[in-house]
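Take a look at the structure set out below.
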Amino acid sequence: MTDVAFVALACGMIIGLGAIGACIGIALMGGKFLEASARQPELINALQTRMFLLAGLIDAAFLIGVGIAMLFAFANPFVA
């Protein structure tokens, strides 16, 4: 395999594993939010604010990984 093929595989793994991690993280967070709001309905507004903040941070981590993968795909510093 050539260097370009390894870079393509690495980019796919970065994006795929990042997407899986983000999906699992948001699913766990959503489940915990529903449990907490069912136990204490008076805290729904505060919990919802924190949930959306955390969802943004989880998605931001995934999008940073996508950006790094695109950097390697289009402006690869490893291939001369």
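The table for this structure:
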item: Given (1) assigned to a helix (DSSP H, G or I); (2) modelled with pLDDT under 90; (3) loosely packed, with under 12 Cβ neighbours inside 10 Å, number of the condition Gly67 does not satisfy; result: (2)
item: Hey, Ala38 assigned to a helix (DSSP H, G or I), within 27 Å of Phe72 (Cα to Cα) and without any contact (Cβ under 8 Å) to a residue 24 or more places away in the chain or not; result: no
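The values are calculated or read from the model by the stated rules, or taken from the named source; none is laboratory data. In this text, all values refer to a predicted model and were calculated from it rather than measured experimentally. Glycine gets a Cβ as well: all are built from the backbone with ideal geometry, and neighbour counts include every protein chain shown.
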